[in-house]
1. Write out, first by first residue and then by second, each pair whose Cβ atoms fall under 7 Å of each other, whose residues are 6+ apart or on separate chains, and whose first residue, in the stretch 154-179, is at positive phi while the second is of a type outside the set (Gly, Ala, Ser) and open to solvent by less than 10 Å² (accessible area, probe 1.4 Å).
2. Please verify whether the stretch 165-178 includes one or more residues that are polar (S, T, N, Q), open to solvent by 20 Å² or more (accessible area, probe 1.4 Å), closer than 19 Å to Val492 by Cβ and at pLDDT 95 or above.
3. Quickly run through the stretch 1-15 and pick out the residues that are within 16 Å of Ile51 (Cα to Cα), outside any loop (DSSP other than H, G, I, E, B) and either touching a Pro at 6+ places or on another chain (Cβ under 9 Å) or open to solvent by less than 40 Å² (accessible area, probe 1.4 Å) (or both).
4. Using the structure shown, decide if Ala345 is surrounded by fewer than 18 Cβ atoms within 10 Å (Cβ to Cβ) and of a type in the set (A, V, I, L, M).
5. Could you please give the count of residues in the stretch 180-197 that are aromatic (Phe, Trp, Tyr) and without any contact (Cβ under 8 Å) to a residue 24 or more places away in the chain?
6. Only residues that are part of a loop (DSSP other than H, G, I, E, B) and without any contact (Cβ under 8 Å) to a residue 60 or more places away in the chain: list them for the stretch 268-290, please.
7. I'm told Lys293 meets every condition in (1) part of a strand (DSSP E or B); (2) within 25 Å of Arg216 (Cβ to Cβ) except one. Can you identify the failing condition by its number?
8. Could you look through the stretch 268-278, keep only residues that are open to solvent by less than 30 Å² (accessible area, probe 1.4 Å) and more than 17 Å from Trp443 (Cα to Cα), and pick out the one that is modelled with the lowest pLDDT?
Amino acid sequence: MTTRLIETWLPIAALGEESVRERRSMTALPPTYYLHVWWARRPLVASRAAILAALLPADADRERFMRVLGIHGDPVKARAAMDRAVRNGERVEDPYGYKRAFGYLPTREDLEWFRYEARRIGLDAPRLLDPTAGGGSIPFESTRLNINTVCNDLNPVAALIMRATVDWPLRFVLDVHREFLRLSQLWRAQVEGRQTAFFPQPFAPDQIDTTYIWARTIACPYCDGLIPLSPNWRLASDGTGVRLLPNTQAGQRRCGFEIVGHAKQQSKGTVTGGDAHCPYPDCERVVDGDEVKRQAQACQMGEQLYAVVYKRRTWTSTKTGKKREKWVRGYRAPRPEDDGSDLIAERLAEKMPEWEALDFVPIEVIASGNKTDEPLRYGLGKWRDLFSPRQLYCHATSVEVFRELLTAEEQKGTLTETTKAAFAYLALSLDKLLNYNSRMSVWMSTREVVANTFNRHDFAFAWSHAEMAPLIVGLGYDWAIDQTAKCIGELVDLVRPDIDVKAAKKDSRHADLFAAPTFTPPPVTITCKSGDSLDHLSDASVDLVVMDPPYYNNVMYAELSDFFYVWLKRTAGYVYPELFRRSLTDKEHEAVANPAKFRGEKGPKELANQDYKERMAAIFAECRRVLKPDGIMTLMFTHKATGAWDALTKGLM
């Protein structure tokens, strides 16, 4: 058995800082992060280091190793310099002196050095396996090192993300980018006509409403007033917020709203610790949390629009006297016309039977679970209940147009493999709107933006939520499509050294001129099955296993991903049906410590711990079967709890 570099040395401090740096800028994340939601992704630079160091001999050139990683300086010293400058109140130019490591694509010379060093320890064309690949950081970096890559995940959402991250950019390059733009533009044009009526713009073109902020409501059991529920009424960090205007007239006990400019003028929150506080001055009683839940479970909880976010066109002058257009954010109280609830209810009643029959909307019930009990507690019994009526209408029409386009391509006989991949990218784009347009996407007053549904790894009930106006130019659907298109281009740029992506985008008619014929992509195999049953791999067929195991009890991947799965199987599932055969994702065979599996039994937490240990042991045994006698397995695991480490190591032993 040869000794590998990873067994004797690894630049932990440099990797730690570079991994943090990789995600430090929320506006310049690696494309693997913003293509689609996945939980607990591994940093790309750490993934590359784990792979490379496991395939190099112990005496490999360490400076060359750092170069291939993309760490072309001392990130630890650079970070110390930045911290020192902050303490002293000084400005410092970029102390790193090189771009973030993940953006470095190994050159032909780098790869020749790597292959030479690997051959020194008997590794000619090594093969890598990641049996629990999740969002695909490890296989993505494996392909960038031109390694024969095999990756797998039990979850179909993860498997689709891996195809879109690892396989299609490598195989279809910019052809899939162009096809995605063609399809998305057709989709965007058709969906607009079906939704325009539900988003009036009374002050356009100089003032455009962009976001609607809603509060869930209950009836006060003591005075029968409608209580809008929100823990606070802040809209912005400068003190802008909402003051409630309760109407105490009999039969009209409903709150109006006023936008105020100072924190002291804002009304107090109307919900604390699950208990509601009646805002009507002639009542002001506390409504117990059990009563709030009772009304929610009886489908008596409603919602009320309390603020509208807009952007207003203004004009400024430059130093040379030229006028420059500038859009400024503002807030206004809602008008009756902004709501549209009656029209939406009418349209939903008309369309829902057809949509259900044609499989355009989710009908699946939310099963009781570790993370899913929270929406169930408040009467949200089906996955589509996580969306307000107008959100649901928009998401359903999005699916409707998607399927019409797919049918048209099938009938024309133009559904090539590239076009199928482009449709899947379009499905992932629609998921961005699901993520930012649900009853759990809240308004973040600190940044004045809509937070995504999975701002946390759960389904925490939101008393108030923000709703995007999806048809605004540059926002909503345009934003989601642009994000995905940008992501595809960046992924291609990171995996194909033979393509000048910027040049090819500028001159798409002659894109072939910007490609060199010498690059051969490595083989990539992506499967969707249990990690303990990799029957497509023969014994002793893999040189290296690198895996980031499921995170014990920290992330319930299957429960969370059902939010997307029930919609994806109605979009991408009609393109890749092999991934979406189940009603919901597989929770029975998932390797997580989920006490919900053992409810009603004695000691559910202990049983969940044992289940995780046994499932990981089975995955490790399967890895041992497929590893060659001199193969190596590297685990990437950063859970903070000792119980998680204990369960994982016992499974390994």
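The values are calculated or read from the model by the stated rules, or taken from the named source; none is laboratory data. All values derive from a computational prediction rather than experimental measurement. Every residue, glycine as well, gets a Cβ built from its backbone with ideal geometry; the counts of neighbours run over all protein chains shown. What goes into the accessible areas is simple: the full protein's heavy atoms, side chains included, and nothing from ligands, DNA or RNA. Shrake-Rupley method; radii C 1.70, N 1.55, O 1.52, S 1.80 Å.
1. Val173/Val492
2. No: zero hits.
3. Hits for the stretch 1-15 are Arg4, Leu5, Leu15.
4. yes
5. Residues meeting the conditions: 0.
6. Scanning the stretch 268-290 gives Lys268, Gly269, Thr270, Gly273, Gly274, Cys278, Pro279, Pro281, Asp282, Glu284, Asp288.
7. In the conditions (1) part of a strand (DSSP E or B); (2) within 25 Å of Arg216 (Cβ to Cβ), Lys293 misses (1) alone.
8. Gly274
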